[in-house]
Structure formats: C-alpha cells, structure tokens
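To start, the structure under review is shown below, and the notes come after it.
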Amino acid sequence: MSKGQLIVYSGPSGVGKGTLMYPYLQEHPEAVLSISMTTRQPRPGETDGVEYYFVSHEEFEKQIIQDGLLEYARYSGNYYGTPRKMVEERIQQGQDVVLEIEVQGAMKIKQSYPDAVFIFVLPPSFSVLEARLRGRGTESEEVIAARLAAAKRELGTAALYDYIIVNDDLEQARKRLEAVIAAAKCQTKYMKDFIDEVTK
Ligand code: ADP
Ligand code: 5GP
C-alpha cells in the first residue's frame, strides 16, 4: 500500500485557511486534518479534541520532553504543536494528513519530512486580510493587532512554500487548492512504490 501524503498548509490568521480546507476534507475522505495541541484558551464554540487539544503549559512541555510532538512553535504567546503518533500512523495507513500550522513549524517539517507538500494561502491584499480578521469577530482588538503584526512577517515567508493559493474569489481558490493537492500527489517522487508495484 502506498504511503499517504503529508500536506503542510499555512497562511496568516484570517486569510481563509479553514474556509478553503473544510470542503476539501468533506469531499476527500482519504485526507484528514491533524488536531494540534495548544496552550491558548478555546474561542467561543471551540471544543477540546475537535479544533485543538487544549492543554496546560505543563502538559505541553511534558509532550516536548517525551518527543510526542512532530514539531512545535510559540506563536502569539502560546505553544502550538502537532501530536506525532496520529500523523505517523495515518501516513503509514495511506491517508493524507493536513497540518494547518504556522511557518516556524512548517520549516521544521521541511527538515524532517522533505517529501511533504507545502502550501501557503495569501490574501489578495493586506487590507482584505484585515477586513476578514475583523469580520470573523472572534478576537479582541488587542489580539487582532498582534495577529496583523504577525501576518506582516508571515506574508514574506510565502516564497519558502511549494504552492501559493491566493484566496480572492472563494470558489476559484477552492478549485486551485483541489488542483494543487491533486498535482502534488502525482509527482514522480511519490509514485516510486506504485511504479515498482506495476512493473514487477
Ligand atoms: P483562517 O482559518 O485562515 O484563520 P477563516 O477560514 O476563519 O481564516 O476565514 C476568516 C474569515 O474570512 C471568515 O469570516 C471567512 O468567512 C472569511 N473568508 C474566507 N475566505 C473568503 C473569501 N474568499 N472571500 C470572502 N471572505 C472569506
Ligand atoms: P489560532 O490561534 O488562530 O488557531 O492559530 C494560530 C496559528 O498557529 C495559526 O497560524 C495556526 O496555523 C498555527 N498552528 C495551529 N496548530 C499548530 C501546530 O500544531 N504547530 C504549529 N507550528 N502551528 C500551529
């Protein structure tokens, strides 16, 4: 059985990562989203074990020491990390796993999993990003200001990724995401096992 594809998916807060990825996952049962661990507080409507595993600083640091995380980073004063076990098991079982993570974590994955595909979502402009972040209405002004400052830095890292999706028109951007993942999965380097299988 072929291994699954690891998909690293980044972009500034409020750019529309969740809005774009949700329908993809609905239509592609072979792909799953990794649930990260974080020390940030749940937002209204978020449930432990669904959007994130919400844990204390002590618990998070225990996971770091026990090598339970594939990568982790500090972002806006909190820890965020990818639990290792689920990702490695699913990839082995042939499922594609999406890591929706920020850039420091993405670059760590680039070192440990060079075969992962790296996708970055850009807004059509900075002012559109600001409007989306405010429009979502889930953060305080202070948090929004911090996220926008972080976004300014993050946008410059887009060039480190393999593919860029500009999230302008939602339907067009969804189609591009679909096409990019499909194309990434057809790369010869991921098909080696399959080539061996059909030629033996
Ligand atoms: P992220 O997951 O990147 O933080 P969200 O998916 O929560 O961002 O999107 C932020 C806000 O922008 C949401 O209110 C969402 O409905 C809106 N949004 C996302 N994509 C578009 C788009 N292409 N056009 C208009 N609004 C969008
Ligand atoms: P939010 O607080 O808006 O849910 O997430 C803040 C940032 O942390 C986003 O850029 C999100 O993609 C990133 N993030 C979420 N989970 C992880 C993770 O496991 N590792 C890393 N490095 N970043 C993460």
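Values in this text are rule-based calculations from the coordinates and carry no lab data. All values reported here derive from a predicted model rather than from experimental measurement. Cβ placement follows ideal geometry from the backbone for every residue including glycine, while neighbour counts extend to all protein chains displayed.
Between amide H atoms placed 1.01 Å from N, distances below 5 Å from Val32 occur with Asp96, Val97, Val98, all of them 5 or more places distant or on a separate chain. I'd like the distance between the alpha-carbon centres of region 134-150 and region 16-44, rounded to an integer number of Å. When both Cα centres are located, 20 Å separates them. Summarised as an ellipsoid, region 18-93 has semi-axes of 22, 17, 9 Å, derived from the eigenvalues of the Cα gyration tensor scaled by 5 and square-rooted, with the largest first. Over all other residues within a Cβ to Cβ distance under 15 Å of Phe60, the charged ones net out to -2, with Lys and Arg as +1 and Asp and Glu as -1.
Debye-formula intensities of the chain, expressed as log10 I(q)/I(0) at q = 0.07, 0.14 Å⁻¹, are -0.21, -0.85 (one equal scatterer per alpha-carbon, no solvent).
For region 66-156, trypsin sites (Lys or Arg not before Pro) meeting the loop criterion (DSSP other than H, G, I, E, B) and having at most 12 other Cβ atoms within 10 Å: none.
Counting lysine pairs in the chain that sit 8 or more residues apart in sequence, or on different chains, and whose Cα atoms lie under 14 Å apart gives 5. Going by neighbour counts of Cβ atoms within 10 Å, the residues Ser13, Ser127 line up, fewest first, as Ser127, Ser13.
Per residue, how big is the convex hull of region 78-194 when only Cα atoms are used? Give it in Å³.
Details: hull volume 15.7 nm³, N = 117.
Enclosed volume per residue, from the Cα hull, is 134 Å³.
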